[in-house]
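Engineer: One structure, as structure tokens, below. Some questions next.
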Amino acid sequence: MATHRYCPGLHGTVLMVSTIALVLYCTYASAQNILEEPRGEPESYNEANKVLSEADVQKPDDIPSRHEDANHSPQPPESVQTESGTRWEATEGADLNEAIPDGEEEEQNLRDEVQETTDSEQQQPPKDQFQEELVIRPLQSGDIYSSFQFRTRWDIDFFQKGKKVSHYRLFPKSLGQVITKFSVRELHISFTQGYWRTMQWGQPFLSAPPGAELWVWFQDTVKDVDGAWKELTNVLSGIFCASLNFIDSTNTVQPSASFKPLGVGNVTNQKLLRYAVLPREIVCTENLTPWKKLLPCGSKAGLAVLLKSEKLFHSSFHSQAVHIRPVCQDWQCKSTAWELRQTLNVVFDLHTSGQSKREWSLFKMFSRTLTEACPLASSSKVYVDITDNSQGELFDLSPVMSSLSQTVVLGDRRTYSVYDLMTPDAFGSLRSLNILLRWKTTDNADMLRPLLHSERYVAGYGLQTGEIHTLIYNNHPYRAFPVLLLDTVPWYLRLYIHTLTVTSKNRENKPSYIHYQPSKDRLRPHLLEMLIQLPPNSVTEVTVQFERALLKWTEYTPDPNHGFYVGSSVISALVPSIVAMDTNSTHERPLFSSFFPCKEESTYFVRVYTEPLLVNLPTPDFSMPYNVICLTCTVVAVGYGSLYNLLTRTFQVEEPSPGLAKRLANVIRRLRGVPLL
């Protein structure tokens, strides 16, 4: 009869393996249940971390004793599969010698593997951050240019397989759902009221055409781009309370070279790009309110408290935009993040604001002052451009801050006075920041002309034919550079593409690249793209003739005599930097930086928009139907009315009325009660 030997070490090891397997299974099940739950509130992350910490592996001191009976230990499942690929199995007593490691070192390695597996299952919330900036630039004309920049970055991938994003902290949920539903890679939308006067104000930080502009890059997984584009415009129309639902195939184009992606990723398939512009869109408070609601602090704290609608729209120029793009999380760019950048540019001038003297402050511009930064912001700063006022000869700035910052903006090295709202010193003893700028002179200073400038107008007479002229100025004294011209013309202006001419300095300038897509009546517009080399210090003129179409009477607007708008032309170029224009070799500088003329800031990218066109079309006399209706109604009322009256009237013989004496006699007889006469 066989006898069984009792081995305390063997039973203790069996108990240890069973306990570890059971804890591992419970941890895995808890993590799976937590990950499957919807996350609607920020407290869900704390609850998940609490549950995962409670389900952690026991410490070595908590491991049951080796001398305890293995029969009283809980039985683990037959097999447990972990995310790291390790498969733990519960074996029978005959296989214990093969399944159980011998020695304390292997036992410690076993615990380390379990700990690493548990740590890998814990899901950390993605990082997000918010930054806000205000740049104030005094213009040479005495006006003030204010540019707000709000940046929200979220370290997450919306399109990761098997992962659904349901928790939002700083990133707006409405835009996040739009990105995931329509597979949007980049989205750029702007609403602008007024026209940017380049020759008076210089180049803006981010340019935009008058009206509404929208261009979107879709993911390569989208099969029906046109269908997704149509649904996306309707959704954005509701989010921003705008007329984007009027975007259809008649004003949508697919550029072949312009509007390259601004985020990371090498996207070369232009079929995934859609561009549209509504030059007649009016920007009002109803567009600003949903724009402010996208901010983490709204308009309650931070720089957003200055966004008072009655002041912003009482200006000569106002532009608000939303830009969404993927960016790198770190310098190695191993993973991407999503960036939402909200910009608002406004120009206040003396005549619009009604000021009698050249003096500006935050309270005069926005009717409010700054009292605190946004509590959710990691950075909140105000920059005032003092490049042309290094010695205080043009204006006085108060309060004076010792913190200065130098950077190259649009090819020019600028100096800014920095007000950091995250520090209490910026607000002073009154806990309020009101930056005051007082000009010392009343004369307008001469401004350096921008290197790239463009204009456009319509020539010709009559309502049958016309000609579109586009003028592109290269004010650089000695350098030529290429520009990419994008022109979108509605279908009711039928272009004669054989009349296209490009001249520079009274000579023909043949474009090196031309892409033309003809229009189809009531289906799509004209699309013209050209790559043109601009000679130095020259004006390049692009002309093309067109014929006006006669619309159906139902296709005219309620005010047809006002005219029809044509969207702005778009010019994209790498412009030579103003920093690189300094050819004076007498300035003192390090020798290693003065031998080669090429510099790091030799060129910079700029996008310029021309004015929108207002074209009159052949318009029928809409007063003629009114006259016809009036005449017809008169004939019907007089002719048919009289005939109908004669046919339907009933004639009766009326007896002559009795005399006065007889009526008096009848009254007396009625009083007496006798029959009447």
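The values are calculated or read from the model by the stated rules, or taken from the named source; none is laboratory data. As the structure is a prediction and not an experimental result, all values here were calculated from the model. So basically every Cβ, Gly included, is an ideal-geometry build from the backbone, and we count neighbours across all protein chains shown. Calculation scope for accessible area: heavy atoms of the full protein, side chains included, ligands and nucleic acids excluded. Shrake-Rupley method; radii C 1.70, N 1.55, O 1.52, S 1.80 Å.
Engineer: Which one is modelled with the lowest pLDDT, of the residues in the stretch 490-506 that are under 17 Å from Leu531 (Cα atoms), among the β-branched types (Val, Ile, Thr) and open to solvent by 20 Å² or more (accessible area, probe 1.4 Å)?
Structural biologist: Ile497
Engineer: Looking at the structure I just gave you, is Val400 of a type outside the set (D, E, K, R) and open to solvent by less than 50 Å² (accessible area, probe 1.4 Å)?
Structural biologist: No, not satisfied.
Engineer: A further question on this structure: Consider the stretch 425-438. How many of its residues are within 19 Å of Glu133 (Cβ to Cβ) and open to solvent by 30 Å² or more (accessible area, probe 1.4 Å)?
Structural biologist: Total meeting the criteria: 2.
Engineer: Taking the condition of being within 21 Å of Leu262 (Cα to Cα) and assigned to a loop (DSSP other than H, G, I, E, B), how many residues in the stretch 202-247 meet it?
Structural biologist: 11
Engineer: Would you mind stating whether Ile468 is modelled with pLDDT under 95 and of a type outside the set (Ser, Thr, Tyr)? Write out each step before concluding.
Structural biologist: Working: modelled with pLDDT under 95: no; of a type outside the set (Ser, Thr, Tyr): yes.
The answer is no for Ile468.
Table: residues versus (1) surrounded by fewer than 18 Cβ atoms within 10 Å (Cβ to Cβ); (2) among the polar types (S, T, N, Q); (3) touching a residue at least 60 places away in the same chain (Cβ under 8 Å).
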site	(1), (2), (3)
Leu523	yes, no, yes
Leu527	no, no, yes
Asn537	yes, yes, yes
Glu547	yes, no, yes
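Engineer: On to the next question. Can you find, within the stretch 644-666, the residue that is modelled with the lowest pLDDT among those that are aliphatic (A, V, I, L, M) and exposed (fewer than 10 other Cβ atoms within 10 Å of the Cβ)?
Structural biologist: Val653
Engineer: Which residue out of Asp443, Asp420, Asp385 is acidic (Asp, Glu) and modelled with pLDDT under 85? Give the steps one after another, and end with the answer.
Structural biologist: Numbers: Asp420 fails: modelled with pLDDT under 85; Asp385 fails: modelled with pLDDT under 85.
Asp443 is the lone residue from the list that is acidic (Asp, Glu) and modelled with pLDDT under 85.
Engineer: Scanning the stretch 310-341 for residues that are of a type in the set (Phe, Trp, Tyr) and open to solvent by 40 Å² or more (accessible area, probe 1.4 Å), which turns out nearest to the chain's Cα centre (by Cα)?
Structural biologist: Here the residue is Phe313.
Engineer: Still on this structure, I have one more. Can you name the number of the only condition in (1) farther than 22 Å from Lys520 by Cβ; (2) surrounded by 15 or more Cβ atoms within 10 Å (Cβ to Cβ) that Leu278 fails?
Structural biologist: Every condition holds for Leu278 apart from (1).
Engineer: In the stretch 355-431, which strands (runs of 3 or more DSSP E) lie fully inside it and hold 3 or more residues that are under 20 Å from Phe205 (Cα atoms) and touching an Asp or Glu at 6+ places or on another chain (Cβ under 8 Å)?
Structural biologist: 379-385, 412-420
Engineer: While we're on this one: Mind listing just one residue for me: the one in the stretch 449-468 that is open to solvent by less than 20 Å² (accessible area, probe 1.4 Å) and assigned to a strand (DSSP E or B) and, of those, nearest to Pro618 (Cα to Cα)?
Structural biologist: By that ranking, first place goes to Gly466.
Engineer: Residues of the stretch 288-303 being touching a Cys at 6+ places or on another chain (Cβ under 6 Å) and surrounded by fewer than 21 Cβ atoms within 10 Å (Cβ to Cβ), which ones?
Structural biologist: Matches in the stretch 288-303: Pro290, Ala301.
Engineer: Picking from Leu175, Leu134, which residue would you name as being part of a helix (DSSP H, G or I), buried (at least 19 other Cβ atoms within 10 Å of the Cβ), modelled with pLDDT of 90 or more and of a type in the set (A, V, I, L, M, F, W, C)?
Structural biologist: From the options Leu175, Leu134, the qualifying one is Leu175.
Engineer: A further question on this structure: Kindly indicate which of Leu394, Leu370, Leu362 is in contact with a strand residue (DSSP E or B) (Cβ under 8 Å, 6 or more places away or on another chain), among the aliphatic types (A, V, I, L, M) and open to solvent by 20 Å² or more (accessible area, probe 1.4 Å).
Structural biologist: Every option except Leu394 fails the conditions.
Engineer: Out of Phe218, Phe205, report the one residue that is in contact with a Ser or Thr (Cβ under 8 Å, 6 or more places away or on another chain) and surrounded by fewer than 20 Cβ atoms within 10 Å (Cβ to Cβ). Steps first, answer last, please.
Structural biologist: Details: Phe218 fails: surrounded by fewer than 20 Cβ atoms within 10 Å (Cβ to Cβ).
The unique qualifying residue is Phe205.
Engineer: Tell me the residue from Arg185, Arg169 that is open to solvent by 40 Å² or more (accessible area, probe 1.4 Å), in contact (Cβ under 8 Å) with a residue 40 or more places away in the chain and under 26 Å from Asn245 (Cα atoms), please. Working first, answer last.
Structural biologist: Numbers: Arg169 fails: under 26 Å from Asn245 (Cα atoms).
Result: Arg185 is the single residue among Arg185, Arg169 that is open to solvent by 40 Å² or more (accessible area, probe 1.4 Å), in contact (Cβ under 8 Å) with a residue 40 or more places away in the chain and under 26 Å from Asn245 (Cα atoms).
Engineer: Among Val382, Val408, which is the only one that is on the phi < 0 side of the Ramachandran plot, surrounded by 20 or more Cβ atoms within 10 Å (Cβ to Cβ) and touching a residue at least 40 places away in the same chain (Cβ under 8 Å)? Before the answer, list the steps.
Structural biologist: Details: Val408 fails: surrounded by 20 or more Cβ atoms within 10 Å (Cβ to Cβ).
One residue alone meets the criteria, Val382.
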